[in-house]
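Peer 1: Structure provided below as structure tokens; questions to follow.
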Amino acid sequence: MQKHHWNILFLLLGNAIGFFAAPSPLNYWVIGGTWLLFALFLSIGISLIRFQYFFKSINYLQNGKVLLTFDDGPAEKYIPEILKILDQHEIGSIFFVIGNKVEKSSQIISLIKEHGHLIGNHTYSHPNNFALLSQKRIVEEIDKGQVTLAPFSEMDEMLFRTPIGVTNPIIGRAVRATNVSVIGWSLRTMD
């Protein structure tokens, strides 16, 4: 059961206790407190992918290793310089790229692959309202991104990162329907 389901059960139980207990002012505090905690956990679950509130995500590596990731590319202007720095320091990375940008810059994806880095799906068009889309539209964004990236990925399983890192139950259902491995983070640069 997901954390979101446990939170809903907590809400129902708290409300039931508040409604069905002997009438007193304490009932309102129980109900209000229950709703407040429910909203707090829901907010954390929506905004922090590492909380794994709606679906599982990989946020840490074992053995204390660090995984560096980049989102929203490929940006032809910056990728060659980034690759040069990564090569100098012998650092591997995952580049989460947007499908429609890949269609315009497939040679830069090939360059990333030549340098030994992984490519991940960051949707086809990175809609800013991603968290408000229907499950069908989210699945389409993920699937179309995967189709675009298929020639560049030798992995059986596609790595995926949600735009802006937000989550919700609809995104969770879409992630499970598309069978992608979600990569989150433990430290976000907010750049």
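Peer 1: Of all the residues that make up the range 81-96, how many are open to solvent by less than 60 Å² (accessible area, probe 1.4 Å) and of a type outside the set (S, T, N, Q)?
Peer 2: 7
Peer 1: Do we find that Leu40 is part of a helix (DSSP H, G or I), loosely packed, with under 14 Cβ neighbours inside 10 Å, hydrophobic (A, V, I, L, M, F, W, C) and modelled with pLDDT of 90 or more in this structure?
Peer 2: Spelling it out, Leu40 is indeed part of a helix (DSSP H, G or I), loosely packed, with under 14 Cβ neighbours inside 10 Å, hydrophobic (A, V, I, L, M, F, W, C) and modelled with pLDDT of 90 or more.
Peer 1: Here is a follow-up. Scan the range 45-64 for residues that are exposed (fewer than 13 other Cβ atoms within 10 Å of the Cβ) and over 23 Å from Asn179 (Cβ atoms) and report the count.
Peer 2: 2
Peer 1: Read through the list (1) open to solvent by 50 Å² or more (accessible area, probe 1.4 Å); (2) assigned to a helix (DSSP H, G or I); (3) in contact (Cβ under 8 Å) with a residue 60 or more places away in the chain, then give the number of the only condition that Ser186 fails.
Peer 2: The single condition Ser186 does not satisfy is (2).
Peer 1: Moving on. Please specify each residue of the range 126-148 satisfying the condition of being part of a helix (DSSP H, G or I) and either at pLDDT below 90 or open to solvent by 60 Å² or more (accessible area, probe 1.4 Å) (or both).
Peer 2: In the first step, residues of the range 126-148 are kept if they are part of a helix (DSSP H, G or I); the result is 130-132, 135-148.
Within the range 126-148, Leu132, Gln135, Lys136, Arg137, Glu140, Asp143, Lys144, Val147 qualify.
Peer 1: Open to solvent by less than 40 Å² (accessible area, probe 1.4 Å) and either of a type in the set (Phe, Trp, Tyr) or not in a helix (DSSP H, G or I) (or both) - does that describe any residue in the range 101-114?
Peer 2: Narrowing the range 101-114 to residues open to solvent by less than 40 Å² (accessible area, probe 1.4 Å): 102, 105, 108-109, 112.
Pick out the ones that are also either of a type in the set (Phe, Trp, Tyr) or not in a helix (DSSP H, G or I) (or both) and you get 105.
Within the range 101-114, one or more residues are open to solvent by less than 40 Å² (accessible area, probe 1.4 Å) and either of a type in the set (Phe, Trp, Tyr) or not in a helix (DSSP H, G or I) (or both).
Peer 1: Now for a separate question. Any residue at all in the range 118-125 that is part of a helix (DSSP H, G or I) and over 22 Å from Leu61 (Cα atoms)? Let's see the steps before the verdict.
Peer 2: Going through the range 118-125, the residues part of a helix (DSSP H, G or I) turn out to be none.
No, the range 118-125 contains no residue that is part of a helix (DSSP H, G or I) and over 22 Å from Leu61 (Cα atoms).
Peer 1: Is it true that some residue in the range 127-150 is farther than 27 Å from Gln2 by Cα and of a type in the set (Asp, Glu)?
Peer 2: No, there is no match, as no residue in the range 127-150 is farther than 27 Å from Gln2 by Cα and of a type in the set (Asp, Glu).
Peer 1: In the range 67-88, how many are in a loop (DSSP other than H, G, I, E, B), touching a Ser or Thr at 6+ places or on another chain (Cβ under 9 Å) and either farther than 20 Å from Gly99 by Cα or hydroxyl-bearing (Ser, Thr, Tyr) (or both)?
Peer 2: Just the residues of the range 67-88 that are in a loop (DSSP other than H, G, I, E, B), to begin with: 67, 74-78.
Next, only the ones that are touching a Ser or Thr at 6+ places or on another chain (Cβ under 9 Å) stay: 67, 74-76.
Then keep just the ones that are either farther than 20 Å from Gly99 by Cα or hydroxyl-bearing (Ser, Thr, Tyr) (or both); that gives 67.
Residues meeting the conditions: 1.
The values are calculated or read from the model by the stated rules, or taken from the named source; none is laboratory data. Fair warning: this is a prediction, and the values are worked out from it, not measured in the lab. We place every Cβ from the backbone using ideal geometry, glycine too, and count neighbours over all the protein chains shown. SASA here: full protein model, heavy atoms, side chains in, ligands and nucleic acids out. Shrake-Rupley method; radii C 1.70, N 1.55, O 1.52, S 1.80 Å.
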